[in-house]
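Everything on this sheet refers to the single structure shown next.
The values are calculated or read from the model by the stated rules, or taken from the named source; none is laboratory data. All values derive from a computational prediction rather than experimental measurement. Cβ: placed from backbone, ideal geometry, glycine included. Neighbour counts: every protein chain shown.
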Amino acid sequence: LVVDVNTSLAKVNPNMWGVFFEDINMGADGGIYAELVKNRSFEFFRPMMGWKNLGPVKEGNYLILNRQMSNAGNPRYLRVDKKTNTAIGLRNEGFRGMGVKQGNTYEFSVWYRQQKPGITLRVELVDSAGTVIGKTELKTTQENKQWRYQEVSFTSNKTDQKANLQIWFEGEGTIDLDMISLFPTDTWQGRKNGLRADMVQTLADLKPGFIRFPGGCIVEGFDLSQRFQWKKTVGPIENRQLIVNRWNTEFAHRLTPDYFQTFGLGFFEYFQLAEDLGAEPLPILNCGMACQFNSAEVVPLDQLDEYVQDALDLIEFANGAVSTKWGKLRADMGHSAPFNLKMLGVGNENWGPQYVERLKVFQEALKKYHPEIEIIASSGTDPEGERFQYLDKELRAMKIDIIDEHFYRDPDWFLSNAKRYDNYDRQGAKIFAGEYASHSKNNKKPEYRNNWEAALSEAAFLTGVERNADVVQLASYAPLFAHIDGWQWTPDLIWVDNLNVYVTPSYHVQKIFSTNKGTDVVPLHSNGATLTGENKIYGSAVVDKQSNELILKIVNIGDSAKELAIDLRGIKKAQGKATVSVLRHDDPLAYNEVGKAPSVTPIESEVNYKGKKLVYTASSQSVNLIKLKL
Ligand code: AHR
């Protein structure tokens with residue numbers, strides 16, 4: 001093999017490797033959004049979903065009132081009316097229980113209004129056996145009939161995956177309650193009402209160059225009334241209008257009829273997360289079409305204005321001066337500096353002439369008012385199919401900036417597509433490999449299809465993506481998160497339970513590429529040919545001009561180890577050391593099981609090279625990261 005460090009074939013986009021976040025598999029509510037109370041504002045289909053009577057309740061003690069259009073964002077609230085002193089209680093089950101930690105502080109908060117003062121709230125955290133593990137009291141301090149926000153904190157004396165919250169109403173009186181909430185205080189960056197720190201850290205460890213949000217199919221919705229509308233996800237959280245999640249029940253392997261989007265994680269928080277991660281924000285907006293896998297609902301072309309205006313206003317929200325309407329809202333929410341939005345996606349996996357027609361309307365307005373923003377359009381999921389081919393042709397003819405391609409295919413597809421981008425047009429649209437995951441056919445346990453065979457084939461494919469970094473500007477695996485007790489789609493990059501995060505072999509593969517991206521692609525070949533599967537070896541090479549390193553990624557999908565002699569052309573020192581990190585397993589079906597020691601995890605070592613030649617043995621079924629100083 002020959003690698004030539006002095007020949008730059010392509011510049012690597014510094015933000016090439018990113019993450020795609022969607023609220024699927026309890027990724028947001030019940031996942032990264034750290035709220036522990038399910039159905040905190042009684043807006044689920046069944047208003048008391050997630051809540052249970054603890055008795056002894058009399059007729060009329062609880063009432064759900066509906067303000068309807070007078071508070072369209074948050075119509076319902078709970079009235080507790082008590083005429084005797086006996087305490088009555090409610091229990092909230094959380095999202096498959098509440099994960100709580102010993103010694104951690106929890107903030108209980110509520111909006112209330114006293115119709116007739118006299119009720120005190122006794123707040124308890126109970127473990128899965130029903131034992132009280134933390135408690136406090138919320139004494140209502142406002143006597144008049146105005147809504148008031150109040151909070152109180154307490155500590156848990158036990159760690160439990162499946163704790164519940166109990167609220168006992170003591171005394172006599174009538175009180176209205178809304179937004180009953182419980183948050184841990186050990187959130188990401190200690191932010192109030194923030195995100196689960198362990199989950200965000202797992203993303204931060206990938207050093208993502210961008211974060212695509214909020215979806216995925218949830219952008220489109222079952223129908224247009226349930227589409228994702230960013231404007232309803234910003235401003236005070238008590239006014240954000242909840243909708244049913246597109247991944248509720250219908251597509252669930254484990255039923256999730258309680259899957260709603262409360263939007264506590266809304267567009268402001270997504271932008272903030274992107275900033276925290278040092279990633280470019282990459283929002284996707286609805287193009288005037290509902291999810292075509294569900295329905296064929298579209299907005300008539302002459303009524304698309306509202307949708308286009310949402311896109312223009314989003315740019316103002318992200319980048320506009322604080323004197324503008326939407327820029328002011330951003331500032332009021334705590335971020336007067338712009339978020340520096342540079343890319344915007346219009347539509348997700350929409351297809352047909354209906355998509356093209358609508359996209360053209362967006363393109364015209366966006367290029368007129370915001371030529372600085374790159375437009376991303378989706379070509380769908382069937383790369384060999386007619387829909388995809390049609391869109392690819394149309395999008396290129398429209399001179400769309402970036403085409404978003406999605407691949408959920410078996411390992412063989414990934415292996416044979418390591419050459420996919422070699423012959424792509426270098427002058428036209430850039431490519432965003434926006435959703436990909438190898439779906440192994442050979443694993444009986446669907447939740448663990450993130451097996452080694454899948455990850456190995458992804459690594460082989462990604463060497464081709466990296467080699468073609470001049471065309472493929474952005475790449476992200478999908479989906480990102482899955483909760484072990486509430487998922488709809490598998491495989492997924494990162495699995496969680498209420499307290500822990502478990503990374504998959506595919507995560508390690510992503511991390512190899514995203515944290516070793518280099519600055520320039522350089523040639524790596526065997527007798528002039530790229531490493532795209534000959535002798536079961538795949539490979540790519542980059543140099544990093546900042547860290548002054550050569551970085552090789554070599555994938556051996558074969559059943560035997562291969563000795564490779566690599567001629568290090570252009571290296572300064574004749575001899576030295578290379579650091580090596582290897583992912584490998586003999587069993588293609590090996591996976592990292594939740595709660596157990598990981599089967600596939602990087603193993604670090606070193607290897608010497610002499611006479612500008614590196615002799616390296618790539619183990620059977622292995623992904624090898626080799627780095628040495630230039
Ligand atoms: O990643 C899961 C789903 O796959 C996304 O929501 C959608 O874009 C694709 O079909």
Quiz item: Within region 312-324, is even one residue more than 19 Å from Phe228 (Cα to Cα) and either at pLDDT below 95 or of a type in the set (Ser, Thr, Tyr) (or both)?
Solution: yes
Exercise. Report yes if Pro283 is away from the ligand (no atom under 16 Å from the Cβ) and farther than 25 Å from Tyr502 by Cα, otherwise no.
Key: no
Self-check item: Which listed residue is at positive phi and either in contact with a strand residue (DSSP E or B) (Cβ under 7 Å, 6 or more places away or on another chain) or of a type in the set (A, V, I, L, M) (or both), from Asn527, Asn548
Solution: Asn548
Quiz item: Given the conditions (1) surrounded by 21 or more Cβ atoms within 10 Å (Cβ to Cβ); (2) touching a Pro at 6+ places or on another chain (Cβ under 6 Å), and given that Gly173 satisfies all but one, which numbered condition is not satisfied?
Solution: (1)
Quiz item: Restricting attention to region 88-112, which residues are of a type in the set (D, E, K, R) and either closer than 17 Å to Arg196 by Cβ or not in a loop (DSSP other than H, G, I, E, B) (or both)?
Solution: Arg91, Arg96, Lys101, Glu107
Quiz prompt | Elements of type strands (runs of 3 or more DSSP E) in region 144-239, at least 1 residues being within 16 Å of the ligand (Cβ to nearest atom) and either assigned by TED's automatic domain parsing to the domain that holds Phe481 or farther than 30 Å from Gln309 by Cα (or both) | solution = 210-213
Quiz item: Checking Glu297 against (1) free of Cβ contacts under 8 Å to residues at least 40 places away in the same chain; (2) over 25 Å from Asn13 (Cα atoms); (3) acidic (Asp, Glu), which test does it fail?
Solution: (1)
Exercise. Give region 62-73 a look and list any residue that's modelled with pLDDT under 95 and surrounded by 14 or more Cβ atoms within 10 Å (Cβ to Cβ), or say none.
Key: Asn71, Gly73
Exercise. Out of Ala10, Ala28, report the one residue that is closer than 30 Å to Leu165 by Cα and either within 19 Å of the chain's Cα centre (by Cα) or more than 16 Å from the ligand (Cβ to nearest atom) (or both).
Key: Ala28
Quiz item: Looking at Ile243, Ile180, Ile211, Ile237, which is the one that is out of contact with any Asp or Glu (no Cβ under 8 Å at 6 or more places or on another chain), of a type in the set (A, V, I, L, M, F, W, C) and surrounded by 23 or more Cβ atoms within 10 Å (Cβ to Cβ)?
Solution: Ile180
Self-check item: Residue identified as among the basic types (Lys, Arg) and in contact with a His (Cβ under 8 Å, 6 or more places away or on another chain) among Arg467, Arg449
Solution: Arg449
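Does Glu606 satisfy being free of Cβ contacts under 8 Å to residues at least 40 places away in the same chain and outside any loop (DSSP other than H, G, I, E, B)?
So Glu606 passes the test.
Do any strands (runs of 3 or more DSSP E) lying entirely in region 340-442 carry at least 2 residues that are away from the ligand (no atom under 16 Å from the Cβ) and either surrounded by 21 or more Cβ atoms within 10 Å (Cβ to Cβ) or not charged (D, E, K, R) (or both), and which ones are they? Don't jump to the end; show me each part of the working.
Numbers: elements: 343-346, 374-380, 402-409, 430-438.
The qualifying strands (runs of 3 or more DSSP E) are 343-346.
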Quiz prompt | Subset of region 508-540 that is among the hydrophobic types (A, V, I, L, M, F, W, C) and closer than 21 Å to Leu415 by Cβ - its residue that is farthest from the chain's Cα centre (by Cα) | solution = Ala529
Quiz prompt | Residues (surrounded by fewer than 16 Cβ atoms within 10 Å (Cβ to Cβ) and within 16 Å of the ligand (Cβ to nearest atom)) located in region 286-318 | solution = Phe293, Ser295
Quiz item: Residues in region 53-69: is at least one part of a loop (DSSP other than H, G, I, E, B) and closer than 30 Å to Pro479 by Cα?
Solution: no
Quiz item: Of the residues Ile119, Ile133, which single one is at pLDDT 95 or above, closer than 15 Å to Glu170 by Cβ and β-branched (Val, Ile, Thr)?
Solution: Ile119
Practice problem: Report yes if Ile554 is in contact (Cβ under 8 Å) with a residue 60 or more places away in the chain, part of a strand (DSSP E or B) and surrounded by 14 or more Cβ atoms within 10 Å (Cβ to Cβ), otherwise no. | Solution: yes
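Could you please let me know if Gly486 is in a loop (DSSP other than H, G, I, E, B), among the small types (Gly, Ala, Ser) and modelled with pLDDT under 95?
Yes, satisfied.
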